[in-house]
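**Q** Input: one structure, supplied below.
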């Protein structure tokens, strides 16, 4: 009976995990750092980008490997590996990933150490008579085994909660107007799956298709595509941060954003006139509500929504002196951002020019492909032909030369993109649909580089693809409903996108679609936005998005949130640098810190903002309390009350209307800034350092990046400083050390530091910087100690506090 049980178990495992039984191993050879595995129906090519990143391509017989990757920019490397082969198996072992080839039945599996990450099931296959976008299609597939208990993330932006397993999801960028808690398809899809087992698989192919994340409940993952490459990368990491770093090494890092983009935006659909634009900013200044940029929706180039796309020029009736407006806004420390779309309708002032210069995508007859959609009878700018690319670039160069510093790319899925439309690269609509937004962002980035090579671009773009972060693209989550359901879906969307290398996903704060003027919803959304990558309230014309046009109560709540956003500028700017350097998300799930805690795989009540903030947004109307889990690796401190909370516990807190639950890691150093009305008032030379003293934390380090906030490539050019702060506790002595790594082309200046130490139980005996006594104040009720010092940041300094 025992032997029968073993036989049945082996039979079940073989049936579950065996690959296509019609595929037979023939031989394995190594050519130019690539393992070539011949099978009866084709060839596998396996190559490494690093010990933790391996690519596998399947080339069916009588086919060649289709074109280069649109996502990957890293070159394969000669990686140290160990190859072993027996009669039944072959192994390619690196320090990060082992590729195991089973010869009979044929199967390829991927391991990290002894842990199976993922394995091919049926591998490559095809099926006929499928369907996508209501059109019959034949599909090519790649099929894999999943572990029964793994949680799956990824596939771009979706409103589906944290675990996306159980869904078959279309890979086709498409807007969903007014979505709330569930949307299977949004503007930004990517062929990426991230597993709770700490691996990422990227299907390196641009054409449209599906990703089936075990919808049939048979423990399988299937990539389906209408055409293209049968290529995928498997990526592992020793930590979640390491995993995202590896993936962004493969596909590219986000350039540093201009510092002003971390401030508050004034944005709506839309400002109709120059006077309305200027008066709105003047109202912000009169109310002392910080603001750094204003976004002009489509009325800047036309009086109506329909019939004007493609004008790309100021409507001089309503914006008579745009250059003066831009200059005056900049004098008021406000940047100007303009919307653009990739369509030219036949009523546009540039339509004939578009035809004459041959810049529109074509039909089979070689003529401009014209079709109807909401905004008019239109053609699509063909960014894949040289004429279209150059024409569009010149549009942007003209705008940038006028002083515009940000470009908004809307409808870039593209919103309507016929399958049979033909582009200048020989591809049809289905083959380039998902990469259009990403390549459009590249065009805009190049326009900045050719016009103002030293300026950092700001590119707000609704759609993209794997690796779009390297083009500086800043996405948002589409036309979300202005409702509690719309708000509830936002944290998951941003957390998921951060796992996929897109760290600046954010939402229209307050919600976009609908006439709901709920002040509580508005305030809660803006409070949540303080701990988002971009702070941009935006709405359609039915309800004002700007706090200056809301009720007195809503305005005051919004102002308080916005002021906190500005106070956190040095902390937030440091997160932007960490992302640029390592790909690290700004918003991070709690399982980043407790990867072994399976309860956190789908936990979304709270998230990390950077490493040291724990944020728990209020997502329900009239919510009176919030229960929050605190990760166990440290204790936590209430940011507003200084109350200490034990790590590894779940606590319940009463809600307050003027703030959301916000906590700081015990022992952390949090850099903050003095009050300001614009980020232009900040230079990094005046800092407030909050040290959350905890006797159990013997040493804390903070590296704080600073530059001028504007120079493109400042870090790479040596135009930066990296301040280093270290706090040590030893008995009754706290030692605070200050140092500075200065780039070769940066002049460090003296810093005015206000050091605020929390949880100091008594008035200190002495505070010295070297031999010099420092003045301080001690609040016995709040148990906080404040020390002011001027630090020559070209030198190391040390402050000793004896308690």
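The values are calculated or read from the model by the stated rules, or taken from the named source; none is laboratory data. Here the structure is a predicted model, which is why all the values come from computation and not from measurement. A quick note on method: Cβ atoms are made from the backbone with ideal geometry, for glycine too, and the neighbour counts reach across all protein chains shown.
**Q** Answer yes if at least one residue in the stretch 183-190 is under 25 Å from residue 45 (Cα atoms) and in the same structural domain as residue 68 (by TED's automatic domain parsing), and no otherwise.
**A** Step one: of the stretch 183-190, the residues under 25 Å from residue 45 (Cα atoms) are 190.
Subset that is in the same structural domain as residue 68 (by TED's automatic domain parsing): 190.
The answer is yes, given that some residue of the stretch 183-190 is under 25 Å from residue 45 (Cα atoms) and in the same structural domain as residue 68 (by TED's automatic domain parsing).
**Q** Restricting to the stretch 209-221, give me the number of residues that are surrounded by fewer than 21 Cβ atoms within 10 Å (Cβ to Cβ) and either at pLDDT below 95 or under 24 Å from residue 42 (Cβ atoms) (or both).
**A** Of the residues in that region, 2 qualify.
**Q** Looking at this structure, is residue 221 under 23 Å from the mean Cα position of the chain (by Cα) and not assigned by TED's automatic domain parsing to the domain that holds residue 436? Give the steps one after another, and end with the answer.
**A** Working: under 23 Å from the mean Cα position of the chain (by Cα): no; not assigned by TED's automatic domain parsing to the domain that holds residue 436: yes.
No, not satisfied.
**Q** Same structure, new question: Looking only at the stretch 464-500, count every residue that is touching a helix residue (DSSP H, G or I) at 6+ places or on another chain (Cβ under 8 Å) and farther than 23 Å from residue 262 by Cβ and tell me the total.
**A** Kept after step one, since they are touching a helix residue (DSSP H, G or I) at 6+ places or on another chain (Cβ under 8 Å), are these residues of the stretch 464-500: 464-475, 477, 480, 482-484, 487, 490-491, 498-500.
Those left that are additionally farther than 23 Å from residue 262 by Cβ: 465-467, 482-484.
Within the stretch 464-500, residues that are touching a helix residue (DSSP H, G or I) at 6+ places or on another chain (Cβ under 8 Å) and farther than 23 Å from residue 262 by Cβ number 6.
**Q** Quick one: residue 540 ticks every box in (1) in a loop (DSSP other than H, G, I, E, B); (2) farther than 19 Å from residue 279 by Cα bar one, so which box is it?
**A** (2)
**Q** Between residues in the stretch 458-475 that are over 15 Å from residue 583 (Cβ atoms) and residues that are at pLDDT below 95 and assigned to a loop (DSSP other than H, G, I, E, B), which pairs lie under 9 Å by C-beta distance while being six or more apart or on different chains?
**A** Between residues of the stretch 458-475 that are over 15 Å from residue 583 (Cβ atoms) and residues that are at pLDDT below 95 and assigned to a loop (DSSP other than H, G, I, E, B), there is no close pair.
**Q** In addition: Taking the stretch 287-302 only, how many residues are out of contact with any strand residue (DSSP E or B) (no Cβ under 7 Å at 6 or more places or on another chain) and in contact (Cβ under 8 Å) with a residue 24 or more places away in the chain?
**A** The initial filter retains those residues of the stretch 287-302 that are out of contact with any strand residue (DSSP E or B) (no Cβ under 7 Å at 6 or more places or on another chain), namely 287-289, 299, 301-302.
From what is left, the residues that are in contact (Cβ under 8 Å) with a residue 24 or more places away in the chain are 287-289, 299.
Qualifying residue count for the region: 4.
**Q** Could you figure out which of (1) buried (at least 23 other Cβ atoms within 10 Å of the Cβ); (2) out of contact with any strand residue (DSSP E or B) (no Cβ under 8 Å at 6 or more places or on another chain); (3) more than 29 Å from residue 111 (Cα to Cα) isn't true of residue 206?
**A** Result: residue 206 fails condition (3) only.
**Q** Could you list all residues from the stretch 150-159 that are touching a residue at least 60 places away in the same chain (Cβ under 8 Å), assigned to a loop (DSSP other than H, G, I, E, B), out of contact with any helix residue (DSSP H, G or I) (no Cβ under 6 Å at 6 or more places or on another chain) and on the phi < 0 side of the Ramachandran plot? Working first, answer last.
**A** First, the residues of the stretch 150-159 that are touching a residue at least 60 places away in the same chain (Cβ under 8 Å): 151-154, 156-159.
Add one more test, that the residue is assigned to a loop (DSSP other than H, G, I, E, B), and what stays is 151, 156-158.
With the extra rule that they be out of contact with any helix residue (DSSP H, G or I) (no Cβ under 6 Å at 6 or more places or on another chain), the set shrinks to 151, 156, 158.
Hits for the stretch 150-159 are 151, 158.
**Q** Now a separate question. Could you list all residues from the stretch 132-147 that are buried (at least 19 other Cβ atoms within 10 Å of the Cβ), in a strand (DSSP E or B) and under 31 Å from the mean Cα position of the chain (by Cα)?
**A** Keep residues of the stretch 132-147 that are buried (at least 19 other Cβ atoms within 10 Å of the Cβ), which gives 132, 137, 139-142, 144-146.
Still in the list and also in a strand (DSSP E or B): 132, 137, 139-142, 144-145.
Correct list: 132, 139, 140, 141, 142, 144, 145.
**Q** Kindly list, by first and then second residue, each pair from a residue in the stretch 237-253 that is on the phi > 0 side of the Ramachandran plot and in contact (Cβ under 8 Å) with a residue 40 or more places away in the chain to a residue that is part of a helix (DSSP H, G or I) and crowded, with 18+ Cβ neighbours inside 10 Å, limited to pairs with Cβ atoms under 6 Å and residues at least 6 apart or on different chains.
**A** Cβ pairs passing all conditions: 252/470.
**Q** Only one residue in 582, 597, 620, 572 is surrounded by fewer than 20 Cβ atoms within 10 Å (Cβ to Cβ), within 19 Å of the chain's Cα centre (by Cα) and at pLDDT 95 or above, so which one is that?
**A** Every option except 582 fails the conditions.
**Q** Please enumerate the residues belonging to the stretch 270-282 that are touching a strand residue (DSSP E or B) at 6+ places or on another chain (Cβ under 9 Å) and either in contact (Cβ under 8 Å) with a residue 60 or more places away in the chain or in a loop (DSSP other than H, G, I, E, B) (or both).
**A** 270, 271, 280
**Q** Working carefully through the options 170, 162, find the one that is assigned to a strand (DSSP E or B), under 30 Å from residue 619 (Cα atoms) and touching a residue at least 40 places away in the same chain (Cβ under 8 Å).
**A** Exactly one residue qualifies, and that residue is 170.
**Q** For the stretch 412-444, name all the residues that are under 19 Å from the mean Cα position of the chain (by Cα) and in contact (Cβ under 8 Å) with a residue 40 or more places away in the chain. Steps first, answer last, please.
**A** In the first step, residues of the stretch 412-444 are kept if they are under 19 Å from the mean Cα position of the chain (by Cα); the result is 412-413, 434-442, 444.
Listed by number, the residues that qualify are 412, 413, 434, 435, 436, 437, 438, 439, 440, 444.
**Q** Scan the stretch 175-194 residue by residue and report those that are within 18 Å of residue 486 (Cα to Cα), in contact with a helix residue (DSSP H, G or I) (Cβ under 9 Å, 6 or more places away or on another chain) and either in a loop (DSSP other than H, G, I, E, B) or free of Cβ contacts under 8 Å to residues at least 40 places away in the same chain (or both).
**A** To start, the set of residues in the stretch 175-194 that are within 18 Å of residue 486 (Cα to Cα) comprises 175-188.
Keeping just the survivors that are in contact with a helix residue (DSSP H, G or I) (Cβ under 9 Å, 6 or more places away or on another chain) gives 178-182, 186-188.
Passing the criteria: 178, 180, 181, 182, 186, 187, 188.
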